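Asks: Structure in structure tokens, see below.
The values are calculated or read from the model by the stated rules, or taken from the named source; none is laboratory data. Here the structure is a predicted model, which is why all the values come from computation and not from measurement. Cβ coordinates were reconstructed from backbone atoms using ideal geometry, including for glycine residues, and neighbour counts include every protein chain displayed.
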Amino acid sequence: MLLSDKYPFLTEYFTRALSTNVRALPQSILFYGNDADAQFTFATEIARLLNCTSDKSDNCECLNCRWIRENSHPAVLTISRIDNKPDDDDSKTVISIKQSQMIKEALVSASEFHRVFIFCDRDENGNIAGLNPLNFQAETANSLLKIIEEPQPGVTFIFLTRYVEDVLPTIISRSQCFFVPSFKEINYSYNCISDVFTDYFSHSRKDVFDLSQKLNDLTKEISIQEILDGIQNYILAVLKTNPNRTELIKHVEIVENAKRQAKLGIKSANIFDDLCLKLIN
């Protein structure tokens, strides 16, 4: 399946930005969601489109496209705790200050390519994962702020993470954030809320507090975290079969915020009232 079929909204957004003017593309992008592999694939596809010297087709065989598919392009670099380390960098668990300095030094010289830096975590077996406060610490993130805030032309930074809040707020504020849904065979279980919440988008505003009460009643039997997981799984399941329903991406974010409220100890009734008011127009 082509990326344009999997991610029509994201593909259309970036294709339009690239076809109109490369400067219309955000120079710092943050992808988030459960599927780090999907984020990495999309990040490398953006890098390919930025550097393609031919027709930008999915099967283009120009030198730049081949290099990027082989992960060997000199200007498209994965920055992780094991990728692209300076020779004198012996850190093994974090993206280091030395890597940040290496990027700054590389940007001093001009390049014939559009340079793309993809920040993520990767283990020794090549498995991609998201950034978090342990592998992308504040000191390193802060050292990148100036080059992100005042980027040179022809440079794009892409950050991959599971949760937006796992990345330093100063990086988030300088980036455009996009949720990338998963297309893995994931069991989106939502049985716990199926009798109450399915087809929530067909409800009207007058149903908001009735639906909120029904959800709150479920807390007598199961935890609020299980309920919110079920709600999010249901939305993700609908999104998987209806990728053009871009409003559901925002709904996933709304549920994620409700989860944060639950961790802060906010009353479940207040959480569900707020959630339903935001989900039902």
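Asks: If I ask for residues that are free of Cβ contacts under 8 Å to residues at least 40 places away in the same chain and crowded, with 19+ Cβ neighbours inside 10 Å, which ones from the stretch 212-227 would you list?
Replies: Leu218, Ile227
Asks: Quick check: is even one residue across the stretch 140-156 closer than 24 Å to Ala237 by Cβ, hydrophobic (A, V, I, L, M, F, W, C) and not in a loop (DSSP other than H, G, I, E, B)?
Replies: no
Asks: Within the stretch 139-153, is there a residue that is closer than 23 Å to Val76 by Cβ, over 19 Å from the mean Cα position of the chain (by Cα), at pLDDT 90 or above and small (Gly, Ala, Ser)?
Replies: Yes, that holds for at least one residue.
Asks: So which of Asn191, Asn135, Asn127 is farther than 23 Å from Phe14 by Cβ and more than 19 Å from the chain's Cα centre (by Cα)?
Replies: Asn191
Asks: Scan Phe201, Phe272, Phe209 and give me the residue that is of a type in the set (Phe, Trp, Tyr) and surrounded by 20 or more Cβ atoms within 10 Å (Cβ to Cβ).
Replies: Phe272
Asks: Are there any pairs with C-beta distances below 9 angstrom linking a residue in the stretch 28-44 that is farther than 14 Å from Cys177 by Cα and in contact (Cβ under 8 Å) with a residue 24 or more places away in the chain to a residue that is polar (S, T, N, Q) and part of a loop (DSSP other than H, G, I, E, B), with the two at least 6 apart or on different chains, and if so which?
Replies: Going by the 9 Å Cβ cut-off, the qualifying pairs are Asn34/Ser182; Asp35/Ser182; Ala36/Asn127; Asp37/Asn127; Asp37/Ser182; Ala38/Ser182; Thr44/Asn71.
Asks: Let me ask something else. State whether one or more residues within the stretch 189-209 are outside any strand (DSSP E or B) and either farther than 25 Å from Ile235 by Cα or touching a strand residue (DSSP E or B) at 6+ places or on another chain (Cβ under 8 Å) (or both).
Replies: Checked the stretch 189-209: no residue is outside any strand (DSSP E or B) and either farther than 25 Å from Ile235 by Cα or touching a strand residue (DSSP E or B) at 6+ places or on another chain (Cβ under 8 Å) (or both).
Asks: (1) in a helix (DSSP H, G or I); (2) not assigned by TED's automatic domain parsing to the domain that holds Gln27: which one isn't true of Glu165, the others all being true?
Replies: (2)
Asks: When the residues of the stretch 110-134 are narrowed to those that are of a type in the set (D, E, K, R) and in contact with a strand residue (DSSP E or B) (Cβ under 6 Å, 6 or more places away or on another chain), which ends up surrounded by the most Cβ atoms within 10 Å (Cβ to Cβ)?
Replies: Asp121
Asks: Which one is surrounded by the most Cβ atoms within 10 Å (Cβ to Cβ) among residues in the stretch 135-152 that are farther than 14 Å from Gln99 by Cα and either in contact (Cβ under 8 Å) with a residue 40 or more places away in the chain or touching a Pro at 6+ places or on another chain (Cβ under 7 Å) (or both)?
Replies: By that ranking, first place goes to Ile148.
Asks: Output yes when any residue across the stretch 72-80 is surrounded by fewer than 21 Cβ atoms within 10 Å (Cβ to Cβ), under 20 Å from Leu160 (Cα atoms), at pLDDT 95 or above and of a type in the set (A, V, I, L, M), and no when none is.
Replies: There is at least one residue in the stretch 72-80 that is surrounded by fewer than 21 Cβ atoms within 10 Å (Cβ to Cβ), under 20 Å from Leu160 (Cα atoms), at pLDDT 95 or above and of a type in the set (A, V, I, L, M).
Asks: Hey, can you tell me all the residues within the stretch 90-126 that are part of a loop (DSSP other than H, G, I, E, B) and without any contact (Cβ under 8 Å) to a residue 12 or more places away in the chain?
Replies: Correct list: Asp90, Ser91, Lys92, Val108, Ser109, Ala110, Glu112, Asn125, Gly126.
Asks: What residue, among those in the stretch 153-170 that are touching a residue at least 40 places away in the same chain (Cβ under 8 Å), among the aliphatic types (A, V, I, L, M) and surrounded by fewer than 23 Cβ atoms within 10 Å (Cβ to Cβ), is nearest to Asp121 (Cα to Cα)?
Replies: Applying the filter and picking the extreme gives Val164.
Asks: Here are some residues: Leu228, Leu248. Which one is within 30 Å of Thr11 (Cβ to Cβ) and modelled with pLDDT of 90 or more?
Replies: Sole residue among the options that is within 30 Å of Thr11 (Cβ to Cβ) and modelled with pLDDT of 90 or more: Leu228.
Asks: Scan (1) surrounded by fewer than 20 Cβ atoms within 10 Å (Cβ to Cβ); (2) assigned to a strand (DSSP E or B) for the single condition Leu30 breaks and write down its number.
Replies: Against the list (1) surrounded by fewer than 20 Cβ atoms within 10 Å (Cβ to Cβ); (2) assigned to a strand (DSSP E or B), Leu30 comes up short only on (1).
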